[in-house]
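J.: Before anything else, here's the structure in question.
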Amino acid sequence: MYQTNYVLPSIIVVILFLILFRIPITISQERPPIPAVLVFGDSIVDPGNNNMLITPARANFPPYGRDFPGHEPTGRFSNGRIPPDIIVSLLRIKDLLPPYRAPDLENQELLTGVSFASAASGFDNLTATVPKVFSLWDQLEMYKEYKRKLIAIAGEAAADAIIRESAHAIFSGNNDILTTYFFTTIRQRTFDLPSYINYLVNAAGSFVNELYKLGARRIVVAGVPPLGCVPAARTVGGGENRDCVETYNQAATLFNLELSRSLEQLNVDLFGARIIYLNIYDTVMDLIQHGSDYGFEETTRGCCGTGELEASIFCNEFSPCTCPESETHKYLFWDGFHPTERAFRIIITALRSQFMRVL
Ligand SMILES: *[C@@H]1O[C@H](CO)[C@@H](O)[C@H](O)[C@H]1NC(C)=O
């Protein structure tokens with residue numbers, strides 16, 4: 001019984017010992033696991049690279065950004081943050097991922113990552129030609145310029161290490177399938193669906209190869225969501241009930257299947273690379289089918305305008321019947337194509353463990 005008298009002094013001695021010898025009491029959670037995140041793709045991941053372009057594919061005006069810090073319409077295609085922002089903050093790298101083409105980008109931002117993405121682009125060069133935006137291959141040229149800047153700032157060895165250790169994430173293919181193939185039918189003149197999907201998957205493979213040749217080793221490639229269920233697709237092809245369009249969803253599924261197979265092969269072929277496929281489709285489909293489990297009351301219409309078709313310049317402050325601010329959280333989609341920030345957060349959080357496999 002007398003032993004209890006020693007308990008408190010013993011604890012004090014142990015704590016003093018830990019402090020004196022600077023033994024960390026908790027494992028530090030502060031250090032980010034990778035130095036930077038570098039992003040390529042379309043409007044899902046474009047924080048404003050199109051702002052200075054003469055293109056309809058922009059979002060730097062209200063009501064875009066309605067729930068962004070300072071209610072600022074930055075060019076992000078949502079009411080608030082978009083996936084690259086959510087990813088870098090989950091990785092504790094920084095709060096927001098800026099566009100590479102921001103006019104006054106600081107060196108610190110280059111060291112911790114940027115997005116080269118351009119809304120309305122795709123794996124197919126033709127997709128970016130019509131709206132006059134940056135194709136994925138233009139984005140690759142920007143990435144080469146970025147690498148030169150990185151070397152100038154950090155020196156060759158440190159720049160190489162940043163490129164080698166950072167996650168490179170590609171979110172593309174949505175506009176190729178939905179716009180270039182189905183909506184405008186441009187590519188239907190030269191391809192049937194399986195051969196167009198093959199063309200896109202080959203382009204994705206060459207893109208990953210190019211990144212690898214430039215020193216990238218950690219590469220995440222996202223599949224596409226159920227494209228037939230975005231509000232605009234329901235309006236265009238879903239009939240009177242605005243159902244999900246099965247042909248678009250089947251195309252998305254086929255693309256994802258071939259893409260994931262091709263990435264698996266690249267993972268074997270490219271020595272020292274870690275290439276991860278991100279299954280967006282199932283996560284988004286779950287939200288669409290079980291929206292109410294996540295507190296969404298409206299999953300077939302966007303908040304902006306009628307919510308049935310409008311996006312970019314067609315979703316503006318004069319759009320009639322945009323949902324009130326107090327109800328944005330009930331919407332899965334912000335406009336005819338793009339999820340709300342709350343939906344993006346749920347999607348990225350659900351995909352977190354898949355993404356982390358690249359580390
Ligand atoms: C797109 O254009 C670039 C530059 O002109 C070219 O290198 C690339 O191979 C093209 N990609 C496809 C998929 O045609």
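J.: Considering the stretch 246-265 alone, what residues qualify as being of a type in the set (A, V, I, L, M) and free of Cβ contacts under 8 Å to residues at least 24 places away in the same chain?
T.: L257, the sole residue that qualifies.
J.: Filtering the stretch 138-151 down to residues that are within 15 Å of the ligand (Cβ to nearest atom) and hydrophobic (A, V, I, L, M, F, W, C), which residue is nearest to N202 (Cα to Cα)?
T.: L140
J.: Answer yes if at least one residue in the stretch 224-239 is over 23 Å from the mean Cα position of the chain (by Cα) and free of Cβ contacts under 8 Å to residues at least 24 places away in the same chain, and no otherwise.
T.: Checked against the condition, which is being over 23 Å from the mean Cα position of the chain (by Cα) and free of Cβ contacts under 8 Å to residues at least 24 places away in the same chain, the stretch 224-239 yields at least one hit.
J.: Which members of the stretch 319-359 meet the condition of being of a type in the set (S, T, Y), open to solvent by less than 50 Å² (accessible area, probe 1.4 Å) and more than 15 Å from P231 (Cα to Cα)?
T.: S319, T328, listed by residue number.
J.: In the stretch 258-296, what count of residues is obtained for those that are open to solvent by 40 Å² or more (accessible area, probe 1.4 Å) and assigned to a helix (DSSP H, G or I)?
T.: 13
J.: While we're on this one: State all residues of the stretch 89-101 that are open to solvent by less than 30 Å² (accessible area, probe 1.4 Å), within 17 Å of R76 (Cα to Cα) and either part of a loop (DSSP other than H, G, I, E, B) or small (G, A, S) (or both); if no residue qualifies, say none.
T.: Residues satisfying the conditions are L97, P98, Y100.
J.: Continuing with the same structure: Of the residues that sit in the stretch 47-73 and are of a type in the set (G, A, S) and farther than 13 Å from H338 by Cβ, which one is least open to solvent (accessible area, probe 1.4 Å)?
T.: G48
J.: For the stretch 184-204, what are the residues that are away from the ligand (no atom under 12 Å from the Cβ) and within 23 Å of the chain's Cα centre (by Cα)?
T.: Of everything in the stretch 184-204, just one residue is away from the ligand (no atom under 12 Å from the Cβ) and within 23 Å of the chain's Cα centre (by Cα), namely I197.
J.: Answer yes if at least one residue in the stretch 116-137 is more than 16 Å from the ligand (Cβ to nearest atom), open to solvent by less than 20 Å² (accessible area, probe 1.4 Å) and in contact with an Asp or Glu (Cβ under 8 Å, 6 or more places away or on another chain), and no otherwise.
T.: Yes: the stretch 116-137 contains one or more residues that are more than 16 Å from the ligand (Cβ to nearest atom), open to solvent by less than 20 Å² (accessible area, probe 1.4 Å) and in contact with an Asp or Glu (Cβ under 8 Å, 6 or more places away or on another chain).
J.: Filter the stretch 102-115 for residues that are touching a strand residue (DSSP E or B) at 6+ places or on another chain (Cβ under 9 Å) and either outside any helix (DSSP H, G or I) or within 14 Å of the ligand (Cβ to nearest atom) (or both); which is nearest to N49 (Cα to Cα)?
T.: Restricting to residues being touching a strand residue (DSSP E or B) at 6+ places or on another chain (Cβ under 9 Å) and either outside any helix (DSSP H, G or I) or within 14 Å of the ligand (Cβ to nearest atom) (or both), the top hit is S115.
J.: Among the residues of the stretch 31-46, is any open to solvent by 10 Å² or more (accessible area, probe 1.4 Å) and modelled with pLDDT under 90?
T.: Yes, some residue in the stretch 31-46 is open to solvent by 10 Å² or more (accessible area, probe 1.4 Å) and modelled with pLDDT under 90.
The values are calculated or read from the model by the stated rules, or taken from the named source; none is laboratory data. Keep in mind it's a predicted model, so treat the numbers as computed, not measured. Ideal geometry is used to build each Cβ from the backbone, glycine not excepted, and the neighbour counts take in all protein chains shown. Ligands, DNA and RNA are stripped out before the accessible areas are found, and what is left, the full protein with its side chains, is counted by its heavy atoms. Shrake-Rupley method; radii C 1.70, N 1.55, O 1.52, S 1.80 Å.
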